[in-house]
1. Quick check on the stretch B:281-359: take the gyration tensor over C-alpha atoms, sort the square-rooted eigenvalues as a ≥ b ≥ c, and tell me if it's rounded (a/c under 1.5), prolate or oblate.
2. For chain A, what is the calculated [θ] at 222 nm in deg cm²/dmol (nearest 500), taking -39500 (n - 2.57) for each run of four or more DSSP H residues and dividing by its residue count?
3. Rounding to the nearest 10 and keeping the result within 0 to 90°, find how far the Cα-based axis of helix A:180-190 lies from the longest principal axis of chain A.
4. Based on the inverse mean of 1/r over its pairs of different Cα atoms, what is the Kirkwood hydrodynamic radius of the stretch A:102-197, in Å?
5. Tell me whether the stretch A:145-236 comes out rounded, prolate or oblate; compute the Cα gyration tensor, take square roots of the eigenvalues as a ≥ b ≥ c, and use a/c under 1.5 as the rounded threshold.
6. Which Cα, out of A:Ile61, A:Ala45, A:Ile73, lies furthest along the positive dipole direction of the stretch A:32-74 (beta carbon charges, K/R +1, D/E -1)?
7. May I ask you to order B:417-428, B:110-121 by the average number of other C-beta atoms within 10 Å around their residues, highest value first?
8. Going Cα to Cα from A:Lys72, which lysines come in below 19 Å? Please leave out same-chain ones fewer than 8 positions away.
Amino acid sequence: MTKPEFQDLLIPRPEGLYCPVGDFYVDPVRPVAKALITHGHADHARSGHGAVLASQQTLDIMAIRYGEDFAKIRQAVDGPVDVDGVRVSFHPAGHVLGSCQIRLEAKGMVAVVSGDYSRVANPACAPFEPVPCDLFITEATFALPVFKHPDPADEIAKLLASVRAFPERPHLIGAYALGKAQRVIMLLREAGYDAPIYVHGALQRLSDYHIEQGVPLGDLRPATMDKAEARDLREAIVISPPSAFASPWLQRFADPVIGFASGWMQIRARARQRGVELPLIISDHVDWPDLTSTIQEIDPSEFWITHGRDDALMRWAELNQRRARPLHLVGYEEEPE
Amino acid sequence: MKAYAALLERLAFTPGRNAKLELLQNYLTSAPDPDRGYALASLTGELDFAGAKPALLRALVSERVDGELFTMSYHYVGDLAETIALIWPGQGAARDVPLSEVVERLNTASKTETPAMIADWLDALDPSERLALLKLMTGGMRVGVSARLALTALANTGTVPLDEIMELWAGFKPPYEPLFAWIAGGPKPEPTIKAPFRPVMLSTPNDYDGLSTLDPADFAAEWKWDGIRVQAAAHGDERRLYSRTGEDISAAFPDIVDRMDFSGVLDGELIVRREDEVAPFGDLQKRLNRKTASKALSFSHPAALRLYDILIWEGEDLRELPFHERRTRLEAAVTTLDPLRFDASPLLNFDTWDALAAHRADPPAAVIEGVMLKRLDSAYVAGRPRGPWFKWKRDPMIVDAVLLYAQRGHGKRSGFYSDFTFGVWDDDRLVPVGKAYSGFTDEELKRLDKFVRQHTVERFGPVRSLSPDLVVEVAFEGLNRSKRHKSGVAMRFPRISRIRWDKPANEADHLATLEAMLP
């Protein structure tokens, strides 16, 4: 059974995690009066709330996605604040640009809502900061012991080897618009690839915003070439949201190599299901070793699991004599677009 | 192991034949001996390890991973080898394990040594290499590469024609170092087998109009039997049955090989025959793609050769002789063979193309696919020359079916919905009966793609389910009973022969129509 005092600080509700002391939600999936938001992915950051407290970058991303008036009141965090009796501070989560964990302190307890997080270096954001707490709230997107994501540099090397092996076939890499797309571009640049990279229109604004925020992406060109131009491309890399592969936009390319950058690509059946020829295992979530070692490192007296594969993580908790509770929060997607 | 694992991984996801060839060629030219030879052997199905069975692998992993976590993972991943490769503790890559070390030690290790040896490898390798190792040990690479394709890639790396390689192929043993040396420009190895494969002669398609320009008196005609084309070669104590591409399939047909007590090379159709009755292709399928055949199977599905031609007999090469002379020699040779296993394919009497058309329209058995025409003066030459031999296939079977699902294509068809699943009516439900991805023009493909986008009901990854609104005429070459298909039937080579934009879906055919077409 859960200690009753944690319930005084945080309660799972259909809208999301609710803090009764401060009367606010963290990453609510439905419109609420007061929301604290960890990061800008669409399933965590929705429009229509009364007031939003988030990092400046997350607020900017929400404005790009939903327009400037996505919430009535928009407040950027700048150091610890008091929200109606709860001491609130934001800490880097290492997931995407602007992503944070949210630390809540009230009634002598500390809870950390980590949102989505990663322990792998990502030049777009500060590394995950382990924050001591009594209650740690974690995702479990990749919480099966088969998820051990390789070094992303090796995956990029795979892509570049393929470009060399098939120079006449444009390489179209599916990547989510916020975070993954820019990550793939940065990894390519780190690997020394300095040719222009073509980006689908749906990625343009968020990529421009990364550049404004000091994340260099090199020479990006819009992937709006016509059929004749598309057929003249050599050694070309095109980044697009995966949804574009189902659209006629794809038809301009002759015999492309379809790739997809995602942690799910570790499982062959998932890659096949998506019709992918070049799966690239690049994730911005913790894999199983990072997830379990993070919990050990933070060593909370209890941890809760918001979404994902909670059955395996509950089994791990049992084997490691850790108190854990699955929240079964609905509305966080496996693969936000 | 690294390069081999990377090759297998890439092949597994690459649908295009040309891209597969390119990947194989890159590997075969860059990997060292003897690794590349063992890799080639793994792809051509020439490796077999007795000691490394799935039960052993499960036992090894259960010593290292919690059983419940393993079960959850296995359910999610869906493949035992892949689950073990990923869940095995550690990230490996401690040292590179050459493929040759794996193959050679698996071949020589004792039963008691094997588990620890495999565990050591799994510790040392990274997940992708582990998967390659596990697939190698348990067989079934499932990367969509036939032996023929692998050898085509090998031929492409040098200047030796594939036909020449196939002649000697059965005589080479992994890791094939003399073969690689030959292809790289070295001397042609001496044949190490006494009954090598000889390149097969193939026909080109023709029809009534095309044949009408030719003189029927120049041709012999025979039935085109629906089995698989094979070559039976025997010399001394060596007997081999080859597929028409030169793969040695002797082990699966002991009933034939036991009766190959001749010296020579014969060309014919492999069929299942009970007394005089040739069984449907489905019966033969039960005997294909097996490493061996049990006595029971040889008894219930007895194989036979229906002979078309004779290449070599008792040391004499007959390939230069005209067809009619070879035919006489063939008929004489057949009299010396076991009639239960060997007979000559009968010739058809005809003096006009109309007379032949009448034969073709009324074959004496359902397992006849049409007629073959051979110029009486034709020598037996390798390959598919146009002119001496023609096949005039029977008209395809046809049904009107409804499009149910569409899948995005690959390569030049990327972005187009080009792979279609279609169904026929069973009472008031549509049951899927097959898949087709050819038969339409580029213009029709564009229109089909548009139809798919406008009639999508649901999306599943690259697949869309469609509202049942479009009827297509599907042509196919044959129909078998199939337990694997929900409808109970499986088509051979189905393609879309016409798109019936005009026809309402409720006028499509019923399953009963298909069932009536079963042999």
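1. Working: a/c = 2.54, a/b = 1.40, b/c = 1.81.
Here the stretch B:281-359 falls in the oblate category.
2. Values: 9 runs with 84 residues, N = 337.
Rounded to the nearest 500, the figure is -7000 deg cm²/dmol.
3. Once rounded, one gets 60 degrees.
4. Numbers: mean 1/r = 0.0610 Å⁻¹.
It is 16.4 Å.
5. Details: a/c = 1.73, a/b = 1.11, b/c = 1.56.
In terms of gyration-tensor shape, oblate.
6. Final value for the positive-end residue is A:Ile73.
7. Numbers: B:417-428: 19.5, B:110-121: 14.3.
Going by the mean number of other Cβ atoms within 10 Å, highest first, we get B:417-428, B:110-121.
8. Cα-Cα hits under 19 Å: A:Lys34.
We did not get these values from a lab; they are worked out from the coordinates using the rules stated. Just so we're clear, the structure is a prediction, and the values are computed from it rather than from any experiment. Positions of Cβ are backbone-derived with ideal geometry, glycine not excepted, and every protein chain shown enters the neighbour counts.
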